[in-house]
Amino acid sequence: MSQKTESLIPVMTGQTVIPVLLVDKAADAVPLARALAKGGLPAIEITLRTSAALDAIRAVAEDVPEAIVGAGTILNAAHYEQAVAAGSKFIVSPGVTDAILKAADNSPVPLLPGCATASEVMSLRERGYTHVKFFPAEQAGGAAYLKALSSPLAGTFFCPTGGISLSNAMNYLTLPNVLCIGGSWIAPKELVNDGKWDEITALAAAAAALKS
């Protein structure tokens, strides 16, 4: 078993920030994805935390060709299969289980599995996973923790997510083992609810301009 890195690496290296999105209304998904792509962030993660999430993923996959839509908060194999059927191009989980890893083995769509400890990273490495999500980043030790892992766990690359904002993003992006970060600050709920897509594009452009 090994991670499908040939599909996942372009997502993680193509932009410094992957927007993590909670979509309450499926009708918002297409203009939101277009606004983010216009700002330089085509790869997005729509979390399965709302009843509209799968419809939102489907709409973006069908109507926004410039976007690369992924699904987050995948908690079990059924979620994995539903997200892939909706059109997800990558899958993100907050943690990992054997059932999720088996679903990943049986799917062409790559998994970015979540982990929070060195032991979890080592277990994933034994399963062939070199690219992982560090979650919840700030609460689990932050940039200092990831820096400490960079030498003993060389060859593992992270997308930290959780508690990251524009103010602390560079703490992570300057680390050699961080390829990108996940953040929700780029699409605040109030801007989405009000349909302020130009403002979201501006936030996306500022995030896209961050460099490690």
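The values are calculated or read from the model by the stated rules, or taken from the named source; none is laboratory data. In this text, all values refer to a predicted model and were calculated from it rather than measured experimentally. Cβ sites come from the backbone with ideal geometry, for glycine too, and all protein chains shown count toward neighbours. Keep in mind that these areas ignore ligands, DNA and RNA; they rest on the heavy atoms of the full protein, side chains included. Shrake-Rupley method; radii C 1.70, N 1.55, O 1.52, S 1.80 Å.
Dividing the helix sum by the residues of the chain, where each DSSP H run of 4 or more adds -39500 (n - 2.57), gives a mean residue ellipticity at 222 nm of -11500 deg cm²/dmol.
Derived scalar couplings between HN and Hα for region 12-21 equal 6, 9, x, 7, 7, 10, 9, x, 9, 10 Hz in order, rounded to whole Hz, by the Karplus curve 6.51 cos²θ - 1.76 cosθ + 1.60 (θ = phi - 60°), x for Gly and Pro. A probe of 1.4 angstrom, applied to the heavy atoms of all protein chains, finds His131 with accessible area near 10 square angstrom. Taking a straight line from the alpha carbon of Lys189, these aspartates and glutamates sit under 16 Å away, with near neighbours fewer than eight places off in the same chain left out: Asp24, Asp28, Glu45, Asp198, Glu199.
Put a dot 7 Å past the Cα of Glu199, heading toward its Cβ, do the same for Thr13, and the two dots end up 3.7 nm apart.
With a 1.4 Å probe rolled over the protein heavy atoms of all chains, the accessible area of Glu120, Glu45 falls in the order Glu120, Glu45, largest first.
Per residue, how much accessible area does the chain show when a 1.4 Å probe rolls over the protein heavy atoms, in square angstrom? All intermediate terms of the calculation are to be shown ahead of the outcome.
Numbers: 8980 Å² over 212 residues.
Value for the chain: 42 Å² per residue.
Cross-link list Lys102/Lys147; Lys147/Lys211; Lys38/Lys147; Lys102/Lys133; Lys38/Lys133: which exceed 27 angstrom alpha carbon to alpha carbon?
Details: Lys102/Lys147 30 Å; Lys147/Lys211 17 Å; Lys38/Lys147 32 Å; Lys102/Lys133 18 Å; Lys38/Lys133 25 Å.
Pairs exceeding 27 Å: Lys102/Lys147; Lys38/Lys147.
Using a probe of 1.4 Å, the accessible surface attributed to Asp105 totals some 60 Å² when neighbouring protein chains are kept in position. The solvent-accessible area of Ser51, taken with every protein chain present and a 1.4 Å probe, is close to 120 Å². Taking all protein chains in place and a 1.4 Å probe, what share, in percent, of the accessible surface of region 78-206 do carbon and sulfur account for? Here carbon and sulfur together make up 56 percent of the probe-accessible area. Shape class for the chain, computed from the alpha carbon gyration tensor (a ≥ b ≥ c): oblate, with a/c not under 1.5 and a/b at or below b/c. In sequence order, region 170-186 has phi-based couplings of 5, 4, 8, 5, 7, 7, x, 9, 10, 8, 7, 10, x, x, 9, 5, 6 Hz under the Karplus curve 6.51 cos²θ - 1.76 cosθ + 1.60, θ = phi - 60°, and Gly or Pro positions carry x. Selection among Asn177, Pro188, Ala71 by position relative to the dipole of region 5-205 gives Asn177 as farthest towards the positive end (Cβ unit charges, Cα centre). Ignoring aspartates and glutamates fewer than eight residues from Lys4 along the same chain, the ones with Cα atoms less than 14 angstrom from its Cα are Asp105.
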